[in-house]
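Data first, discussion second: the structure below is written as structure tokens.
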Amino acid sequence: MKFKVSALMALLLVGCQHDYNLDHSLKKAWAPDLENTQPSRIPYGLVYNVGNKQILYVAVNSGNKKVRNNFLNILIEKRKPDLVLFQGASIKEKLTPERVRINVKGHQPVLKGASATREQILENLKKYGITERDYVLFQTILLMNQVWLHETKTPLELQTKAAHYLKTDPNAEKFGLTYRDLQHWFYEKMGTPLTYQLIQNSEMVAPKDPQLKTTNALQKISSYEDQIDDAIVIETLGQSLGEYNKIMIIRAGSKYVIERDVLHKMLNVSGPTEIVN
């Protein structure tokens, strides 16, 4: 059975009690023109004052860790949030400052992850006919495209890295996956052989289609995954507002322009109170 995006969000958020309208249908599809509407140069912070609540939405570039971490440390020391929500770790985990490389000397906020667990993603991907085996192979392509490509010098080195991952990662190992399986799967999904040139294409797995109309199978899986994770991140923010008055949420740089209409409707505002650089 196929679910529309709005139905999926309803399933994800069922049972949650809050006063915020989390209308995920307002999410935009990423595009260069949309990226050009960023309110400031990344990294930046956007302050939202809503009643007695304050949200500091921080857009960061994951590529430059030193710049990102310095910026976050300065903001935490200066703005003194009660809670810091990080994208990228399970909401079930409590994070330590060392793990997320936050090194503040004074104010120590509560640190929590705000992303979907692997189990939550898999559970919802199954509704779209995507199996765990599909997801493991997709994640391998994602690693090749976004991470390993910058660490390898030749196509053979990239292939060796992917083959080793499939052999040693527990999630891949239980399916007995090989690099040849990856090649066959890619051809089946994309209708073309897996090549180094395709791996270099950053748009190949870009989750830029929230309406899920793309015919690119990898973009479609990435978009499904993005929808599930973003729903849980924003839901976590809404729930946290019931417990904390001053919250910092840290997101990848392009997330704000994609999600700002959802955030603004949720908070019943037309824009941020202040921009922080």
Cα-Cα P(r), the range 131-226, percent of pairs per 5 Å interval: 2, 14, 25, 25, 21, 9, 3, 0
Calculated on alpha-carbon atoms, Rg and Dmax of the range 212-267 in Å: 13.4, 43
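Just so you know, all these numbers are worked out from the coordinates, no wet-lab data involved. All of these numbers come straight from a predicted model, not from anything done at the bench.
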